[in-house]
Each structure stands twice: as structure tokens, then as C-alpha cells.
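The next block holds one structure in the form of C-alpha cells; read it before the comments.
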Amino acid sequence: MNARIRFAISVVILGLLMTGPFVITALLIWAGAKAPERALLVQLIVPHLTLGATMTTFGFIVGLLVIRYLFRQYVQGLLKMGESLRLMLTANRNFRVVPEGPPEVRQLAAATNDLAQQRDGLMDDVDKQIATAKASLEEEKNRLAALMSELAQAVVVCNLDGRILLYNSRARLQFRALAQGSTAVAGGALIGLGRSIFSILERSQIDHALEVVRQRLHKGSGAAIANFVTSARGGQLLRVQLVPVLAIGDESSTREMSGYVLTVENITRSLEQESRRDQVLQSLTDGSRGSLANIRVAVGNLLDYPDMEATVRERFVGIIADEVERMSQRLDQTMSEFADSLKTRWPLEDVLGIDIIAAAQRRIEEKLALPSKTEEIDEALWLRAESFSLVFSICGLAFRLLEHYQIKELRFRLQPFGNLAYLDIIWAGHSMSSETFYTWETEPMQVGAETSPLSLRDVIDRHGGEVWYERDKAAHRDFFRLVLPIAIPETVTAAETAEESDVRPEYYDFDLFDFSDQSIDLDRPLVDLSYTVFDTETTGLEPAEGDEIIQIGAVRIVNNRMLRQENFDELVDPERLLRPEGVRIHGITDDMVRGQPNIDAVLPAFHDFCADTVLVAHNAAFDMRFLQLKEERTGVVFSQPVLDTLLLSAVLHANQDSHQLERIAERLGITIEGRHSALGDALATAEVFLKMLPLLAQMGIVTLRQAIEASQKTYFARVKY
């Protein structure tokens, strides 16, 4: 029962105890008296009613003050002590109950502090034992951190839902360089723990690579990896290798994945260098052709006319010398221009031809509802190919056949021919012209609503193959023939395979591997959600009167852990002068914000940063009011749920005198650094929020919905800006 309700009940009982006996006694006397006695009673009592009422009222007031004193000293004092005990048990071991109030409460507080001191001694012993046991594990983690930081390649580890579990500094730098639009304002692309890799890389290509890896795992292949090339938002080309992370403790013969490791390399510059080299070689070829023609003519004349005059002979010899010199200079220049370039080709991998056909069949049946069959398939034939682009090319041809000729069925044939493989795509009933095939070959590919900037000719050329159209008149069938290089896969011995399968990389064992969903569900436990804790610095305290945001700072909480490195810290040009009284508080001056991005650029970047997370702030109504007033101007709407540490403090510590951030941090044993800077306050608020989670759980508040409902019932929830 609420303390205020109990106090009100106590006051009512006091009033009844003071007036009840007199009233009941008077009624009994009045009921037993006769008429003359009643008249006598009236004459005796009425003149003294005023004095009696005054004395009764005075006594009631005195009793009320006594009850209020006792209630504050004992009831509220014990409630406050209970809140302090919860702080000592969960959030702040060093917190102690202040001995205050009557002697009995002080003795209880002293005994409580003694018990806490004894408990701390026992916990220190346990902590020492745990620290000793964790020493080797920490050493392994440090080795992993050092290894990851020194890797030259970008490495990202994801679970099967595409949530990022680990990334190294190289990956952060690489994706930061690729950032465009709103993410560029925050200094990098949205890579971070708990975020989706699909915001950076194309989902369809990763899904295809996972399918290839699963097929190889199912067949027991020793090299269950996949490679593909994709393009980033800015048009940069990335080469990606996907390696599976196998589930732990799976004793079945079929190996299942729990996640995957991506190594990412930006090959845009390499491809540009290759294109430039090809242009230089073409220029060398074209330039040398004229020189060789001149030399050929001069040599021919010298041979045909041996008796020519000396001056003429010298002229022809001079022509030869000049052309040879020009060719030599041209060759030296060419070698100088691309001597330092690296040879970068379209990444090809060894893949079973039957796997390519099977993947194409599934995609054609799912996307186009077109039946397909196989005939004359060499199941042991390996191709040297990039599977995603090749499968997309096959599906693109099927889509065009279905769209233009309404074919009923598609057949596949795969046979070796020397060092090449013939992959035939066969249909019956409709022939096509060579002009139509040329158009299909050179136009960008399409499968339903999916498109690719590459053409069929691009894909075939990058495989070093060929494609043509043929008609089998005897069988009344037509087919496309894809000529592809054959690969000889490396053999892996059974001993090597068994040895690899027994190795369990310790650094893959993260709690996030088990996360299957990160959507904001109001009934999801608080400890399972991801949060963006933020704070703003402003020109003043009146958002509706023209005050503006001058700084936004934020930090992320994922898997119940604050990620200090994944933060947002941006100054904002308010496009107006700052108030002197505000400068004295936050220390931000007009010179510091002048020339910084305005709110139109910063707010979309912050919106991207906190996507798919719950917002957390201290006195969130103030900060959210500034954001809401910019919705019409920027078009940015923050629609996710919001938690307020001020309101949560009022829920947890209803009997405490203050709910300011400094006082809350002091109670929870948190030191605030960088107070009145947006990022500093956000970091402090995040630490406060993490300390509050176990306290809320003790009160039975475990879901987001329960936390929001409890917050709205507090007095401070009525404050509006």
C-alpha cells in the first residue's frame, strides 16, 4: 500500500479515536434521558460547545503533528532505508545507510551497515577467486584484440540474422570511408555491435553466399567458403569472403552454422588501375601499329632497291631509327605508368556445376514459377566461377524467355569439353533472331523487380568464357550455350577435415550469437533491448520560444553493455547567437558552432544512428521537445519508445529528496566526467540506466511496457515543455 494512503488512513483513525467515544457516550445518555433531563443537558452543554470544539480541534492538530512526526521518522525512514539497501545489494556496493532519525532507526541503520561491510568482505574474496579463474580467459581475449587490430583486412563477424557481433578497426575505417549522405556527418557508416550488416552490404548476395556454404557443409566439403563482389552505396566495389562459424556442441554429422565471418576488401582502385592499364596497352598497340607500318615500308624499299643512292638510303635508315626510338619511348612510358599497379581480376572460386544449376532452378521456380529439369549432367564437374553473378545471369535469360516467348519449361545440360564446360539452357517451341540475342547479351540483366548494372556479356567476359545461341533443328529445340572454365578443386584429406572440425575458435563464443530478433517490442525484456542514450545542449531552456540545439551526444547500449566507442558527438550551428548564461554552463561558444553542420544535416544522421533502438535520456521530455519541433523542417520523426532516467529514479527512489542526474549518480556510485557536455551527460546517463535495470527487476518491472507505464504514473511525468 502506498505510504501516502497509509498516512491518510492514520489521520482518519486519529479523528475517530478523538471524537468517537464522546459522540457515542453523548448519544447513549441522550437516548436514556427523559424530556426534562434532555432540556437540562442542553442548558448545561450548549454554552460550552465552542470551548469543547476548540479543545478537540487543538488536540486533533497535536495528534496529527505527532503522527506526522512518527510517520516520517519511522515509516518513511524505513522506506528510505529499504531503497538504500536495494542500492547496496545491486547498483552500488559502497553505498551506506545514513544513521538518522530516532534511536531505534539509527541502531537498525548501523547494524545494516555492519552487515554490508561483512558482505563486502565476503564478496571481495569471491571476486578475487573469480579474477584468478578469469585471468587465462582475459589473456585470450587480449590476444584476440591484438590480432584483430593488426589485421590488414576488414573483418566483421555476424550471427545468422546479420547482426554484427564483432568488427575490427580496419572495418570501421573502411566503412567510414564509404559513408555518404547523413552517415557521413557522423563520421562513418553505421557499423556497430548489434546493427545489421544488411545496411552496408547487399542482403541478396549474402543470402546466396550462405546458401552456397550450406550446400558445401551438407556435402562435407572441406573448403566451405564463398566469395562475391558487391557494390557499396557510393558505387565502390567490395570483394567479400564469407566463412561459416559452426555451432558449438553439435555432435551430429551435419554441421550447422551459428553465424559467419566476413572479410571485406575495397577493390575499386584495383579495378580502376586495371582499366587504366588496359587503356595504356591499347594506346601502346595503336601507336605501335603506325610505327611498324613505317618501318616495314622502309625495310621493304631497302631490300627491293639495293642500288639506291646513299642519301636516299640514309633517309630510310633514319626513318627506321626514328620509329624505333619512338616505340622505345612509348614502351618506357607505358611501363612507367602501370609498373606499380596490381593485377586485380573478378574473384572466381571453385564451385560444383550441379550446385550452380540447382541454385538457378530454385531461384527460377521461386521468382518465375517456371518448371525446370536437368539432362546429361556431369555431377563431378567443377567450374571456376563467381556463383552469384552466374546464377543471376541464368535467371535473367529465363526471365526474358518467359516474358517474350511464354515458354512452358526450361532444361539444363552440363558437359565437359576439354578444359572448358558447356552449360546449356534449353527450351522448346520458339526461335529467336541473332539481333534479339545481341540485345539480351548487352543490356543490363533483370529478374522480375531485381536488376543488375552488369550485362550478360560483362559476366561472361569476366569469367573468361563465351556465350552463344544455337538451334537444334532435329530436336526442334533452342538453347543458350555458356562456355565456362573448368576448375580442379584442391583435395582435402580426411585427416585434415577431421582436425579442422574439432577446432573451436574461442573468440566466436559470444552471447549475441543467440539473438534472433532486435525489433522494438514493448513486451520484450529490458535487458534484451538495444538503446541509444542521448543528451542535447541548447541555447536556452525554452524550445517553444526559439531556443535551438547546439550539440547532440549519444552512446549505444547493446546486450546490456555500454559501447563507448560507438558514439555520436556533433556540434550544431544554431544559426543564431548563444546566450551568455548558457555559455557559462556548457562552455560552448559562438566561435565553436559557427560553420558546423546545421540541424538539417545533423538530425538525419542522429536518426540513422539510433535506428531500431529505444531512446533513453535524463528529463527526456525536454530533449524530445526540441526534436519534435524540428520534424516539420527536417522531415525526421523519432517514433521509437523513450525512457526517462528521471522518471525511473522517481519510480525506484520515491522517498529520496532529489532526482537530479548528479544526485542519482552519487547514489549509484557513478562519477560523472564531462558534465554539461552532450556526450559526457549521455555517458553518465547510460551508466545510470544500466545500474537501474536490476533495481527495476527487483520491483517486478522487467519489460519495456512495464517501465513506460510505471514512469507515466510518477509526478514528474506531468511536466511539459
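Things to note:
- With the simple spin-label model, which puts each label point 7 Å out from Cα in the Cβ direction, the V75 to N559 separation comes to 4.8 nm.
- On full extension, the segment bounded by A449 and A110 gains 114.7 nm, given 0.36 nm per residue less the C-alpha separation.
- Region 531-544 - phi-based ³J(HN,Hα) in whole Hz, Karplus 6.51/-1.76/1.60, Gly and Pro as x: 10, 10, 9, 9, 8, 10, 10, 10, 6, x, 9, 10, x, 6
- Two-site FRET efficiency, Q640 against A177, from Cβ-Cβ distance with R₀ of 41 Å, rounded to 0.05: 0.90
- FRET efficiency estimate (nearest 0.05) - Cβ-Cβ, E542 to M592, R0 22 angstrom: 0.50
- 3J(HN,Hα) along region 27-39, derived from phi through the Karplus expression 6.51 cos²θ - 1.76 cosθ + 1.60 where θ = phi - 60°, amounts to 5, 5, 5, 5, 5, x, 8, 8, 4, x, 5, 5, 5 Hz, with x in place of Gly and Pro.
- Packing-based ranking, highest mean first, of 426-434, 678-686 given that Cβ atoms within 10 Å are counted: 678-686, 426-434
- Packing-based ranking, highest mean first, of 29-38, 447-456, 389-398, 476-485 given that Cβ atoms within 10 Å are counted: 389-398, 476-485, 447-456, 29-38
- In order through region 195-201: 3J(HN,Hα) via Karplus (6.51 cos²θ - 1.76 cosθ + 1.60), integer Hz, x for Gly, Pro: 7, 8, 5, 6, 6, 10, 10
- The length gained on full extension between N294 and E202, counted as 0.36 nm times the residue separation minus their Cα-Cα distance, comes to 27.8 nm.
- Computed lengthening from E83 to Y715, 0.36 nm per intervening residue step minus Cα-Cα distance: 225.7 nm
The numbers here are math on the coordinates, done by the rules we state, and not lab data. These figures come from a predicted structure and were not determined experimentally. All Cβ positions, even for glycine, are placed from backbone atoms using ideal geometry, and neighbour counts span all protein chains on display.
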